[in-house]
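Please treat every number below as a calculation from the coordinates, not as lab data. Not measured: the values here are computed from a predicted model. All Cβ positions, glycine included, derive from the backbone under ideal geometry; neighbour counts span all protein chains shown.
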Amino acid sequence: MNRLANETSPYLLQHAANPVDWYPWGDEAFEKAKREDKPLLISIGYSACHWCHVMAHESFEDEEVAALMNSSFVCIKVDREERPDVDMYYMDAVQLISGSGGWPLNCFALPDGKPVFGGTYFPKENWKNILINLSKIYKTNRQEFYDAAASVTEGMTKVADGSGSTIRKINLRQNGEPAPKYSSLLESLAEKMEASFDNVNGGSRHIPKFPMPVNYEFLLYYAYMLRKSNKHSERAGRISSHIHLTLHKMTMGGICDQAGGGFARYSTDGIWKAPHFEKMLYDNGQLMSLYAHAWQNKSSPLYKEAVYGIHRFISSRLTSPEGGFYCALDADSEGEEGAYYVWTVDELKQITGDDFALFALYFSISEKEIWEKGKYILFRKTDDERFCAEQQLDPSVFNRKKTEWIEALLTARQKRTSPALDYKILASWNGIMLRGYVEAYKAFGENDFLQMALKNAAFLCNNLITEDCSIMRSLKERDKIHGFLDDYAFVSDALFGLYQCTLDEKWLKKSAEIIEYSIAHFYNAEKGLFYYSAYEQEAERSGSMLPRNTETADNVIPASNSVMANVLFGLGHTLCRTDFLHIASSMMTVMEETATQYQGYANWARLMVSMHGPFYEVAIAGAEAVRFLNKINSCYLPNMIVAGAIKVSDMELLKEKFAGNKTLIYVCENKVCRAPADNPDDAITIIKSA
């Protein structure tokens, strides 16, 4: 037992049996620190504090950690409810040092109590590194301690009198570790990507032009975080402008099926007019997510048009009766590429009648726009708002007319021979499309999108995911193929997303189980990456000349390893799984240099943005949890995960979060939560401004 055994505070008594040589707040501790020339460690909490208990169990009850604390520091434990004055003083210091506060509150100070460095909850390994590094600095570079203490004290005085302050922070990286470099690496990658921007027609300057949604997901996230940090505002503006230009041009282009919705695989020219007409599930799933995120970021009608058009295409052409998604529609029909999608002037005149002149103006039907053999691809040069203004049209009247045109075009097209359907149902591509519907539901709250997602998730669970969470590659009655890493990564990602828009824990549980299976069967701890095929598959094909590869480069489909790393990061934060977070961090360490040298690693860069932070865990507890969730999900808030429940849950993030009949929202960072909000608007403001 330590000195806390003589205290009366329930919180202090909880720590009386710790191997840490705790002192209560008082003269004895300060005198010992001055006598032995040791810095102070002041740890503050309260008896009902969940993360105080977690840190106590992980670190303060650990003999190795306690030895580090006892050898280099005089350790003081404070009950914040007994000594709010002490808590207030060191909370102000830690908020100035780290930008946030909460409990447990851990502050390192000079022997006279002047604060030097601090934070809130620290995982065990991080805590050990902090103890080792601070001890080394105090012994070998004492002046840095003094300078930091003086800067923090001065900063607290300036904050108190309303003048604001920036402070000199102590440099913990004294053990040869490189300084944090994610910021510079991301800047370097953004510069490389900017160099290829086509700022007239959108996309890159290369022909053919591929949509590359993975690149724009990264750029959208990166620009958002730049704006949040108030850094590089010019770059954020340039990137945002390019994203919105690209998405607008694509939606108005021939690459987007102007009648039936959905996108073709790529454009054969530089203006998105003439596509290669095949329509792939994986493109449309990713684009549905991207346009949904763009809508959350900036609600352009073209983004809504794109998302609802993709839904119209997928639901009518690529969905099986059971809820699975087929792979693709061919580019050709009747022996010609694009024959199903292009039109002659005579056909269009017959379809539109007296409206032909206006139709031709809207869809670029003129001699100079002929595609091939006297046929036209429907292609717009301006959005509806500008077109109506230029032609002096009532927007509501024009919208009704446009709807009539599209219905007439589809009726005429149904009489043609349809392109061939590739009716394979692949687990990985279904995961991509399922995630697209999840993101679309978050953005628009459209129940049809949620029902498509739920039906597909049930289909996958009933047909492709086995009881032990192994996954079949495709829906086949015979000659079944076991899934590859992309099947596990995309399906897990989709189910994780489905949890975050429903709060149904069965989807979260299934997602985590798939990840656990993947770690057991695909992960190479020595390399720090996942193999593309499982151990069992390798054994099945013994004698094969194929090597057991790792897929790391993002292309038109993100790499299976980059998707896996992002899912591990998200699930790790949601479930407080340090093992998942450790693997994600290890993967990023392996890939960080490569990921920022080339443009083919945008999904890794997206993870780097999350790890660079800030990244939030949002916990919603109470009867109104789903309604609050829907409001939060309608906003573009990429640097967070959400957990929630309408009744008491045993999820780590939700423990001790319920408060009677009230629904509360906790915005947390590294498991340390701010004071709860009782409405979603306040929580959104915190996330956007923090």
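A few points about this structure:
- As a rough footprinting exposure proxy, the listed residues Cys673, Cys388 were ranked by other beta carbons within 10 Å of their own, and the order from fewest upward is Cys388, Cys673.
- Among Thr417, Thr246, sorting on how many other beta-carbon atoms sit within 10 Å of each Cβ, with the fewest leading, yields Thr417, Thr246.
- Expected 222 nm ellipticity per residue - DSSP helices of 4 or more, -39500 (n - 2.57), all of the chain, to 500: -16000 deg cm²/dmol
- What you get for the chain, charging only the Cβ of Lys and Arg (+1) and of Asp and Glu (-1), is a dipole of about 880 debye around the Cα centre.
- For the chain, the longest principal axis of the C-alpha atoms and the axis of helix 395-413 are separated by about 60°.
- Spherically averaged projected area in nm², based on the convex hull that wraps the Cα atoms of the chain: 35.1 nm²
- Global form of region 3-160, assessed from the alpha-carbon gyration tensor, a/c cut-off 1.5: rounded
- Cβ-to-Cβ counts within 10 Å put His15, His242 in ascending order as His242, His15, the fewest first.
- Relative contact order for region 614-690, counting Cα pairs under 8 Å that sit 6 or more residues apart, in percent: 38 percent
- Electrostatic dipole magnitude of region 411-472 [Cβ: Lys, Arg +1; Asp, Glu -1; Cα centre; debye, to 20]: 460 debye
- Three-way shape call for region 244-296 based on the alpha-carbon gyration tensor, with the a/c threshold at 1.5: oblate
- Measuring against 22 Å, Cα to Cα, the residue pairs Lys192/Lys231; Lys631/Lys662; Lys509/Lys631; Lys279/Lys415 contain Lys509/Lys631 as the ones spanning a longer distance.
- Listed residue (Ile132, Gly155, Gly644) projecting farthest to the positive dipole end of the chain, Cβ model: Gly155
- Rounded to 10°, Cα long-axis angle of helix 560-575 versus longest principal axis of the chain: 50 degrees
- With a cut-off of 11 Å between beta carbons, the residues surrounding Leu329 carry a summed charge of -2, where Lys and Arg count +1 and Asp and Glu -1.
- Counting only Cα atoms, the size of region 341-415 along its three principal axes is 34, 27, 19 Å, in decreasing order.
- Amide H contacts of Tyr616 (H built 1.01 Å from N, in plane; Pro and chain starts excluded): Met640, Ile641 sit under 5 Å, all sequence-distant by 5 or more or on other chains.
- For region 429-507: rounded, prolate or oblate by the Cα gyration tensor [a/c cutoff 1.5]: prolate
- Cα-based reach from Lys34 at 22 Å (exclusive), listing lysines while leaving out same-chain residues under 8 positions away: Lys77, Lys114, Lys136, Lys139
- Counting charges near Met651 (Lys, Arg +1; Asp, Glu -1) among other residues having Cβ under 14 Å from its Cβ returns a value of +1.
- DSSP bridge orientation in region 3-160 - percent antiparallel, rounded to nearest 5: 55 percent
- Folded to 0 to 90 degrees: helix 485-502 orientation relative to the chain principal axis, Cα: 80 degrees
- Projecting the Cα atoms of Ser518, Ser43, His276 onto the charge dipole of the chain, computed from C-beta unit charges around the Cα centre, puts His276 farthest toward the positive end.
- Charging the Cβ of each Asp and Glu at -1 and of each Lys and Arg at +1, and nothing else, the dipole of region 3-160 about its Cα centre rounds to 360 debye.
- Antiparallel DSSP beta bridges within the chain, percent to nearest 5: 75 percent
- For the peptides 379-387, 596-604, 114-122, residues were scored by their other Cβ atoms within 10 Å and the scores averaged per peptide; the highest-first order is 114-122, 596-604, 379-387.
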